[in-house]
Amino acid sequence: MATHLPARQLYYDGQTQASTSNKTFPTIDPSTGAHIADIHEASRADIDKAVSSAERAFPAWSATPAIQRARILQKAAQLLRDRNDEIATAETHDTGKAFTETSVVDVATGADVLEYFANLVGGGGLNGETTQLREDAWVYTKKAPLGVCAGIGAWNYPIQIALWKSAPCLAAGNTMVYKPSEFTSLHGETLAKIYTEAGVPAGVFNVVHGAGDVGAYLTAHPSIAKVSFTGQVATGKKVAGSASGSMKYVTMELGGKSPLIVLSDADLETAVDGAMMANFYSTGQVCTNGTRVFIPRAMKAAFEKRLLEKMQYVRAGPVMDPATNFGPLVSRVHRDKVTGYIKHGIETDRAKLLYGGVGQPANLTPELKKGYWVKPTIFTDCTDDMKIVKEEIFGPVLSILTYDTVEEAVRRANATELGLAAGIFTKDLNLAHRIIDQLQAGITWVNSWGESPAEMSVGGWKQSGVGVENGRRGIEAWVRNKSTLVDMNGSVATAFAKL
Ligand code: NDP
């Protein structure tokens, strides 16, 4: 990676724009701690300009036939795929996630969602319904775009999150002002330029950079019709509170503390692989992570033995190396937070440390030692009241909990205010369906973990979120309904007049 990349500017009116704040903030490569780019910080005047740009673009974009919008967005999906490796490289240096991940997941799953929503609206997915009431009267409905929408992203899947928000937003005829996380801002300008190159008109997709105050200004802005937010539960509550001031639509994709339940008949290899995927992929920085791993008491020893044997396959190293599948955490602040949880697990919760612990992986080069690395960590003999079991850590920390009956496992799995994801490993599919039905979570898997294709609507229950992204239901979050009753003979009005 070049030691220093060009500064990233704001984007509105179809082009990059220097910030008027005269302030920038740094982007750090978390694998080495190196300062790799400066990001222009938006002033309130800049945010107002970006919102005005989106307002001016809305009438023409919303009136553009859906099939024409679809063609433009399909072209953008192709451009993303053509530049997969270049964008994935930037995402790897921005987030610290290994290139073996970003090159096959981050850009690809974003482009898939763009293609999905382009095809959905191009194929009539925004059509309303007609209901015949009487011979001479019927009701028809229309799905109308909302207007200018705000997208606010987290740092774990930056370009994917930007695409999961902007794809349905733009496909439905809305315009967007998007704010990436201040920790991972490199992708915003790249995506905006790709949209412009594909033919998205000026002002339809705009980017402002900055920290929480920029997000807060956007969520309270009177010209914003909807806020789509991905981040922590506590921030989501602030955003929803602020949006409620002018009754904005909201979608909230928030945190989780998800249960992964292994049943006694499960294939041991698949269950161990599933638990590793659900805790160490993206260095554990995945909202749907299955961090509470419930194991039948009789299976515990065999499960732990195989898990420990397989931990050699979690390999820290240079983030562009094809052999590396485990990167650092995204920032120094987050490294310190996750390390604090590991310490708490050892010293205060007194869980049994099975693997890892405080500190960096052993094999790091002197350059990498300057980065924000932690060890993949496994605790066992955990209990439900431990802090490491109750709170979202958002790092590579797996907790093993044992259970005696399936009913007990389900009850304990549900005993949380969060409800993002859950999953079961078993060969008994009848039982799997019965248990899935009882689990209080919006995203569930059977004998799998983490896969989230464009066709699958995803969103949390309880405090993990409001609404869904993706799938056919995902488009509904970006439109409002208009119902029209047509009476050909005016018979109801006439009947009233005759009373
Ligand atoms: P945060 O809640 O800290 O931040 C999310 C975004 O909100 C950032 O862009 C942040 O800006 C911005 N922000 C902060 N304060 C405000 C405010 N008052 N008003 C408006 N915007 C604000 O989350 P993280 O970035 O730490 O992301 C990790 C969290 O995201 C985890 O809890 C994870 O579970 C969740 N997540 C959920 C997903 C889902 O689909 N359910 C997917 C991915 C992550 P800045 O950071 O620049 O200060």
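The values are calculated or read from the model by the stated rules, or taken from the named source; none is laboratory data. It should be emphasised that the depicted structure is a prediction, and the values quoted were computed from it without experimental measurement. Here the Cβ is made from the backbone with ideal geometry for all residues, glycine too, and neighbour counts use every protein chain on show. Protein only, heavy atoms only, side chains kept; ligands, DNA and RNA dropped before computing areas. Shrake-Rupley method; radii C 1.70, N 1.55, O 1.52, S 1.80 Å.
Observations, loosely collected:
- Index of the failed condition, Thr416 passing every other in (1) within 16 Å of the ligand (Cβ to nearest atom); (2) part of a loop (DSSP other than H, G, I, E, B); (3) in contact with a Phe, Trp or Tyr (Cβ under 8 Å, 6 or more places away or on another chain): (3)
- Checking each residue in region 414-432 for being touching a residue at least 12 places away in the same chain (Cβ under 8 Å) and either within 18 Å of Glu392 (Cα to Cα) or open to solvent by 70 Å² or more (accessible area, probe 1.4 Å) (or both) picks out Asn414, Ala415, Thr416, Glu417, Leu418, Gly419, Leu420, Ala421, Ala422, Gly423, Lys427, Leu429.
- Residue list for region 351-369, filter: crowded, with 16+ Cβ neighbours inside 10 Å and assigned to a helix (DSSP H, G or I): Leu368
- Test for Val208: is it in contact with a strand residue (DSSP E or B) (Cβ under 6 Å, 6 or more places away or on another chain), within 11 Å of the ligand (Cβ to nearest atom), of a type in the set (A, V, I, L, M, F, W, C) and under 23 Å from Cys287 (Cα atoms): no
- Scanning region 452-499 for residues that are in a helix (DSSP H, G or I), modelled with pLDDT of 95 or more and open to solvent by 40 Å² or more (accessible area, probe 1.4 Å) turns up Arg472, Arg473, Glu476.
- Filtering region 204-247 to residues that are in contact with a Phe, Trp or Tyr (Cβ under 7 Å, 6 or more places away or on another chain) and either among the basic types (Lys, Arg) or not in a helix (DSSP H, G or I) (or both) leaves Val204, Phe205, Asn206, Val207, Ala225, Lys226.
- The number of residues in region 446-481 that are β-branched (Val, Ile, Thr) and within 12 Å of the ligand (Cβ to nearest atom) comes to 3.
- Ala192 among the small types (Gly, Ala, Ser) and out of contact with any helix residue (DSSP H, G or I) (no Cβ under 9 Å at 6 or more places or on another chain): yes
- Matching residues, region 300-323, being in contact with a helix residue (DSSP H, G or I) (Cβ under 6 Å, 6 or more places away or on another chain), buried (at least 21 other Cβ atoms within 10 Å of the Cβ) and either at positive phi or part of a helix (DSSP H, G or I) (or both): Leu307
- Scanning region 276-302 for residues that are among the aliphatic types (A, V, I, L, M) and either over 21 Å from Pro328 (Cα atoms) or in contact with a Leu (Cβ under 6 Å, 6 or more places away or on another chain) (or both) yields Ala278, Val293, Ile295, Ala298, Met299, Ala301, Ala302.
- Of the residues making up region 324-350, those that are farther than 29 Å from Leu186 by Cα and in a loop (DSSP other than H, G, I, E, B) are Thr348, Asp349, Arg350.
- Top-ranked residue in region 215-227 [being of a type in the set (Ser, Thr, Tyr) and open to solvent by 10 Å² or more (accessible area, probe 1.4 Å); ranked as farthest from the ligand (Cβ to nearest atom)]: Ser223
- Residue among Gly212, Gly203, Gly236 that alone is of a type in the set (Gly, Ala, Ser) and open to solvent by 10 Å² or more (accessible area, probe 1.4 Å): Gly212
- Test set (1) within 24 Å of Val286 (Cβ to Cβ); (2) open to solvent by 10 Å² or more (accessible area, probe 1.4 Å) - Thr377 fails condition number: (2)
- Filter pass, Thr444 being open to solvent by 10 Å² or more (accessible area, probe 1.4 Å), part of a strand (DSSP E or B) and either of a type in the set (Val, Ile, Thr) or at pLDDT below 95 (or both): yes
- Considering region 113-136, the residues that are hydroxyl-bearing (Ser, Thr, Tyr) and more than 25 Å from the chain's Cα centre (by Cα) include one that is farthest from Leu79 (Cα to Cα), namely Thr131.
So that you can scan it fast, the table gives a plain yes or no per residue for (1) touching an Asp or Glu at 6+ places or on another chain (Cβ under 7 Å); (2) open to solvent by 20 Å² or more (accessible area, probe 1.4 Å); (3) more than 16 Å from the ligand (Cβ to nearest atom):
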{"residue": "Ser246", "(1), (2), (3)": "no, yes, no"}
{"residue": "Leu254", "(1), (2), (3)": "no, no, no"}
{"residue": "Lys257", "(1), (2), (3)": "yes, no, no"}
{"residue": "Ala266", "(1), (2), (3)": "no, no, yes"}
{"residue": "Ala275", "(1), (2), (3)": "no, no, yes"}
{"residue": "Thr283", "(1), (2), (3)": "no, no, no"}
{"residue": "Ile295", "(1), (2), (3)": "no, no, yes"}
{"residue": "Ala298", "(1), (2), (3)": "no, yes, yes"}
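- Yes/no for Ala137 being open to solvent by less than 10 Å² (accessible area, probe 1.4 Å) and either among the aromatic types (Phe, Trp, Tyr) or away from the ligand (no atom under 14 Å from the Cβ) (or both): yes
- Residue in region 172-191 that is basic (Lys, Arg) and within 16 Å of the ligand (Cβ to nearest atom) present: yes
For every residue, the table says whether it meets (1) in contact (Cβ under 8 Å) with a residue 12 or more places away in the chain; (2) within 26 Å of the chain's Cα centre (by Cα); (3) surrounded by fewer than 16 Cβ atoms within 10 Å (Cβ to Cβ).
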residue: Lys23; (1), (2), (3): yes, no, yes
residue: His35; (1), (2), (3): yes, yes, yes
residue: Glu41; (1), (2), (3): yes, yes, no
residue: Ala54; (1), (2), (3): yes, yes, no
residue: Arg69; (1), (2), (3): yes, yes, no
residue: Asn84; (1), (2), (3): yes, yes, no
